[in-house]
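Asks: Dropping a structure here in structure tokens format, bear with me for questions.
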Amino acid sequence: MNRYPDPDSKKLKDSIANRLDTETERLVIGNGSDEIILFLLQVFCKEGDTIIFPDPTFAMYSIISKGLGIKPASISLDNHWDFSADLLLSSANENNSKIIFLSYPNNPTGNCFSDIETQKVIDKFQGIVVIDEAYHDFSQKTFINQIKKHNNLVILRSLSKIGLAGLRVGFGVADPLIINEINKVRLPYNSNIISQTFAEHLLKNFKLVQKQIDSILCERHQLLEELQKIESITPFPSDSNFILFKTERSAENIFTYLIKNEILVRNLNSHPKLNNCLRVTVGTKNENDLFISKLKDFISQ
Ligand SMILES: Cc1ncc(COP(=O)(O)O)c(C=O)c1O
């Protein structure tokens, strides 16, 4: 601990490269994938530039942009929480967007966007396309195999969603030229020794984590079925480790009732497209059962 960490996270990169069947020159490690979003904005945008994403989506694209004086633009997702590539591309071209961010699966709606529309964006956009696969372990869908074909494509991954949020380890996969540019703004010791060592160990012993992922996938299925049985609730199918649902009752009141019962869900009601929507993270069987029973208690009141 008296030594500085490896500024290149070499061992961790080796284990990631091995798992993903890619080269270490195509990898950058971040203090969470949030940090790589920041790096991309620092490298590819200057103050006053615009970036774009379909909305609703992960709030940090907008929050980090604004902090850097970059303008976040958006197009609205449709009723199936999907987007039209033509619309996204024409908006991006109109405002000269430097980066398109696609959360795949999308937080907070939970779904992966249509493969065809996503592929069209990758094929046609001239700027940087970021496919944020933070929830990849729950969808198993990826565009990582396109990295060699598209030198403007960046794939983001995170260890946060598989139980290691406190470690702050995320990584990006991209063309070595992009990685080199990111390394110019990245501080040398952005990833500490504990995070590097623990993450490397975890990736080499993934069986335990996979067991946990499999259990979440199984519980997600059960939770969705239980939510579907409740009349005044409309849950949306999920490729993630959470489920978005809309209620006919007040989301605020449900949120408060659940909090009083020590259950924390995400209240998304303030977003214009997510009126009376809440997002619940898939927990253990006991946690999910308790959540469903408290939700039913509230609704039957
Ligand atoms: C879509 C998406 N991308 C990135 C992140 C950031 O993850 P990390 O903990 O790796 O910074 C999150 C976290 O919620 C997320 O939902």
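The values are calculated or read from the model by the stated rules, or taken from the named source; none is laboratory data. All values reported here derive from a predicted model rather than from experimental measurement. Here Cβ is always computed from backbone atoms with ideal geometry, including for glycine, and neighbour counts include all displayed protein chains.
Asks: Would you please name the residue that is farthest from the ligand (Cβ to nearest atom), looking only at residues in the stretch 154-190 that are outside any helix (DSSP H, G or I) and β-branched (Val, Ile, Thr)?
Replies: As a first pass, look at the stretch 154-190 and keep what is outside any helix (DSSP H, G or I): 154-159, 163-164, 168-175, 186-190.
Applying the additional criterion that residues be β-branched (Val, Ile, Thr) yields 154-155, 169, 173.
Working: Val154: 12, Ile155: 12, Val169: 7, Val173: 14 Å.
Ranking the qualifying residues of the stretch 154-190, first place goes to Val173.
Asks: Here's a follow-up. Going through the stretch 1-34 one residue at a time, which ones are over 20 Å from Leu177 (Cβ atoms) and of a type in the set (Asp, Glu)?
Replies: Once the filter is applied, which keeps residues that are over 20 Å from Leu177 (Cβ atoms) and of a type in the set (Asp, Glu), the stretch 1-34 yields Asp6, Asp14, Asp21, Asp34.
Asks: Something else: With the condition being small (Gly, Ala, Ser), modelled with pLDDT of 95 or more and more than 30 Å from Asn18 (Cα to Cα), I'd like the strands (runs of 3 or more DSSP E) fully within the stretch 48-150 carrying at least 1 qualifying residues. Even if it seems obvious, please write down each step before you answer.
Replies: Details: elements: 50-55, 71-76, 99-103, 128-132.
Where strands (runs of 3 or more DSSP E) fall fully within the stretch 48-150 and carry at least 1 residues being small (Gly, Ala, Ser), modelled with pLDDT of 95 or more and more than 30 Å from Asn18 (Cα to Cα), they are 71-76.
Asks: Turning to a different aspect of this structure: Exactly one of these conditions fails for Asn2: (1) touching a strand residue (DSSP E or B) at 6+ places or on another chain (Cβ under 6 Å); (2) at pLDDT below 95. Give me its number.
Replies: Going through (1) touching a strand residue (DSSP E or B) at 6+ places or on another chain (Cβ under 6 Å); (2) at pLDDT below 95 one by one, Asn2 breaks only (1).
Asks: Next up: Only one of these conditions is not met by Ile51: (1) crowded, with 20+ Cβ neighbours inside 10 Å; (2) aliphatic (A, V, I, L, M); (3) within 12 Å of the ligand (Cβ to nearest atom). Which number is it?
Replies: (3)
Asks: Of these, Phe236, Phe245, Phe255, Phe206, which one is under 26 Å from Pro54 (Cβ atoms) and either among the β-branched types (Val, Ile, Thr) or touching a residue at least 40 places away in the same chain (Cβ under 8 Å) (or both)?
Replies: Details: Phe245 fails: either among the β-branched types (Val, Ile, Thr) or touching a residue at least 40 places away in the same chain (Cβ under 8 Å) (or both); Phe255 fails: either among the β-branched types (Val, Ile, Thr) or touching a residue at least 40 places away in the same chain (Cβ under 8 Å) (or both); Phe206 fails: under 26 Å from Pro54 (Cβ atoms).
Going through Phe236, Phe245, Phe255, Phe206 in turn, just one is under 26 Å from Pro54 (Cβ atoms) and either among the β-branched types (Val, Ile, Thr) or touching a residue at least 40 places away in the same chain (Cβ under 8 Å) (or both): Phe236.
Asks: Which one of these is in contact with a Phe, Trp or Tyr (Cβ under 8 Å, 6 or more places away or on another chain) and of a type in the set (Phe, Trp, Tyr): Phe143, Phe206?
Replies: Details: Phe206 fails: in contact with a Phe, Trp or Tyr (Cβ under 8 Å, 6 or more places away or on another chain).
Residue meeting the stated conditions: Phe143.
Asks: Go through the stretch 180-219 and give me each residue that's within 30 Å of Ser238 (Cβ to Cβ), among the aliphatic types (A, V, I, L, M) and loosely packed, with under 12 Cβ neighbours inside 10 Å.
Replies: Selection gives Leu208 alone.
Asks: Among the residues of the stretch 124-136, write down those that are within 14 Å of the ligand (Cβ to nearest atom) and either small (Gly, Ala, Ser) or surrounded by fewer than 23 Cβ atoms within 10 Å (Cβ to Cβ) (or both). Give the steps one after another, and end with the answer.
Replies: Taking the stretch 124-136 and keeping what is within 14 Å of the ligand (Cβ to nearest atom), we get 130-136.
The answer is Ala134, and nothing else.
Asks: Moving on. Just to be sure, is Glu200 within 30 Å of Asp289 (Cβ to Cβ) and in contact with a helix residue (DSSP H, G or I) (Cβ under 8 Å, 6 or more places away or on another chain)? Spell out how you get there, then give the answer.
Replies: Details: within 30 Å of Asp289 (Cβ to Cβ): no; in contact with a helix residue (DSSP H, G or I) (Cβ under 8 Å, 6 or more places away or on another chain): yes.
Considered against the rule, which asks whether it is within 30 Å of Asp289 (Cβ to Cβ) and in contact with a helix residue (DSSP H, G or I) (Cβ under 8 Å, 6 or more places away or on another chain), Glu200 comes out as no.
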